[in-house]
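Trainee: Starting off with a structure, shown below.
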Amino acid sequence: MDPTTDNAGSSGSARSSLESLRTEISKAVVGQDPAVTGLVVALLCRGHVLLEGVPGVAKTLLVRALAASLELDTKRVQFTPDLMPSDITGSLIYDDRTTEFSFQPGPVFTNLLLADEINRTPPKTQSSLLEAMEERQVTVDGTPRPLPEPFLVAATQNPVEYEGTYPLPEAQLDRFLLKLTVPLPSRQDEINVLTRHAEGFNPRDLRAAGVRPVAGPADLEAARTAVAKTSISPEITAYVVDICRATRESPSLTLGVSPRGATALLSTARAWAWLTGRDYVIPDDVKALALPTLRHRVQLRPEAEMEGVTADSVINAILAHVPVPR
């Protein structure tokens with residue numbers, strides 16, 4: 001057997017499995033295709049996702065549906081003001097029988113962690129996720145403990161309620177590969193949601209809704225291997241750099257995209273190219289992932305914000321002005 005053919009077949013099978021995630025998730029969540037795609041891209045890039053939207057637009061349901069469509073372990077943490085770091089990472093517990101301390105793992109020891117309303121917990125607890133997200137390990141009492149692979153944090157936050165919340169600092173926002181906005185549904189999508197509920201859909205019972213695992217760790221690993229082989233021309237690399245450097249020079253921003261953000265954009269564009277069936281990246285791939293990859297890595301000037309300027313509008317303007325490679 002030709003190994004090249006075998007690898008191509010494996011790649012195609014992995015792509016088919018990941019594409020079928022959309023079908024499974026649509027059994028529970030109506031619309032929100034960009035958010036679904038973003039979650040799949042994050043899995044391919046070993047990144048984390050911040051989901052932002054008003055209450056009731058199915059942010060939590062979206063992540064639960066993703067978990068139900070994958071053969072992965074998942075845990076959910078409801079972030080509250082009294083949550084302690086050890087409630088997430090785990091702690092040492094004294095055992096009377098052995099007269100020794102043993103480590104009790106926290107919910108972060110999973111494949112897919114749903115951090116619900118992450119901005120409702122104080123910075124001390126928020127920062128307990130930093131090591132897990134960046135180093136994929138947790139250090140307790142000086143001992144580092146590796147997290148399972150794959151590992152993804154999907155955090156949700158509400159953009160309109162500020163009382164009793166703790167905005168994520170820039171350092172932690174930068175650890176999220178993507179910030180996905182989950183908008184209100186269109187009129188037809190909302191009609192479809194209500195129709196499903198009228199027919200007996202129960203969002204707490206996804207198995208009854210027909211959601212089944214369609215991909216597993218092997219599919220994900222094969223997909224990641226294929227994504228890593230997706231070629232990137234020097235012109236595309238320079239295009240990504242030019243976009244990110246333009247954010248640092250924008251008069252509307254006090255903080256532009258760092259080199260880490262540029263690396264993230266290159267990775268997400270690569271994953272998107274592979275998902276769409278290509279083994280090379282084109283400028284449209286970069287444009288498609290620019291907003292979710294960069295919007296949380298820039299900071300608006302107060303005067304620009306007062307004039308109604310948004311991070312998305314600044315990035316769109318930059319995309320319109322930076323020369324596209326031929």
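The values are calculated or read from the model by the stated rules, or taken from the named source; none is laboratory data. Quick caveat: nothing in here was measured; it's all calculated off a predicted structure. Counting neighbours? That spans all protein chains shown, and the Cβs are built from the backbone with ideal geometry, glycine included. All accessible areas refer to the heavy atoms of the entire protein, side chains included, with ligands and DNA or RNA removed. Shrake-Rupley method; radii C 1.70, N 1.55, O 1.52, S 1.80 Å.
Trainee: Exactly one condition in (1) of a type in the set (Lys, Arg); (2) modelled with pLDDT of 90 or more; (3) within 27 Å of GLU221 (Cα to Cα) is not met by ARG207; state its number.
Mentor: Failed condition: (2).
Trainee: Of the residues in segment 277-299, how many are within 17 Å of SER233 (Cβ to Cβ), among the β-branched types (Val, Ile, Thr) and not in a helix (DSSP H, G or I)?
Mentor: So the answer is 2.
Trainee: Tell me, which residue of segment 300-326 that is in a helix (DSSP H, G or I) and among the acidic types (Asp, Glu) is nearest to ILE232 (Cα to Cα)?
Mentor: Taking the candidates together, the pick is ASP312.
Trainee: Can you name the condition, by its number, that ASP82 falls short on among (1) exposed (fewer than 12 other Cβ atoms within 10 Å of the Cβ); (2) closer than 30 Å to VAL30 by Cβ?
Mentor: All conditions are met except number (2).
Trainee: ARG15 - would you say it is touching a Gly at 6+ places or on another chain (Cβ under 9 Å), open to solvent by 30 Å² or more (accessible area, probe 1.4 Å), part of a helix (DSSP H, G or I) and under 22 Å from GLY210 (Cα atoms)?
Mentor: It is true that ARG15 is touching a Gly at 6+ places or on another chain (Cβ under 9 Å), open to solvent by 30 Å² or more (accessible area, probe 1.4 Å), part of a helix (DSSP H, G or I) and under 22 Å from GLY210 (Cα atoms).
Trainee: Go through (1) aliphatic (A, V, I, L, M); (2) out of contact with any helix residue (DSSP H, G or I) (no Cβ under 7 Å at 6 or more places or on another chain); (3) within 25 Å of ARG46 (Cβ to Cβ) one by one and return the number of the condition VAL257 breaks.
Mentor: VAL257 satisfies every listed condition except (2).
Trainee: Also, I was wondering about something else. Can you work out which of the residues in segment 167-193 that are basic (Lys, Arg) and under 30 Å from ARG136 (Cα atoms) is most open to solvent (accessible area, probe 1.4 Å)?
Mentor: If we filter segment 167-193 for residues that are basic (Lys, Arg), which is where we start, we get 175, 179, 187.
Now drop any that are not under 30 Å from ARG136 (Cα atoms), which leaves 175, 179.
Working: ARG175: 61, LYS179: 36 Å².
My answer is ARG175.
Trainee: While we're looking at this one, here's another question. Could you say which residue among THR74, THR139 is open to solvent by 50 Å² or more (accessible area, probe 1.4 Å), closer than 22 Å to LEU178 by Cβ and among the hydroxyl-bearing types (Ser, Thr, Tyr)?
Mentor: THR74
Trainee: Inside segment 61-168, counting only strands (runs of 3 or more DSSP E) that do not spill past its ends, which hold 1 or more residues that are at pLDDT below 90 and among the aromatic types (Phe, Trp, Tyr)?
Mentor: So the answer is 90-95, 100-105.
Trainee: Then there is this: If we keep just the residues of segment 235-249 that are in a helix (DSSP H, G or I) and of a type in the set (D, E, K, R), which is farthest from GLN299 (Cα to Cα)? Step through it out loud before you land on a result.
Mentor: Step one: filter segment 235-249 for residues in a helix (DSSP H, G or I), giving 235-248.
Filter once more, so that each one left must be of a type in the set (D, E, K, R): 235, 242, 245, 248.
Values: GLU235: 27, ASP242: 18, ARG245: 14, ARG248: 10 Å.
By that ranking, first place goes to GLU235.
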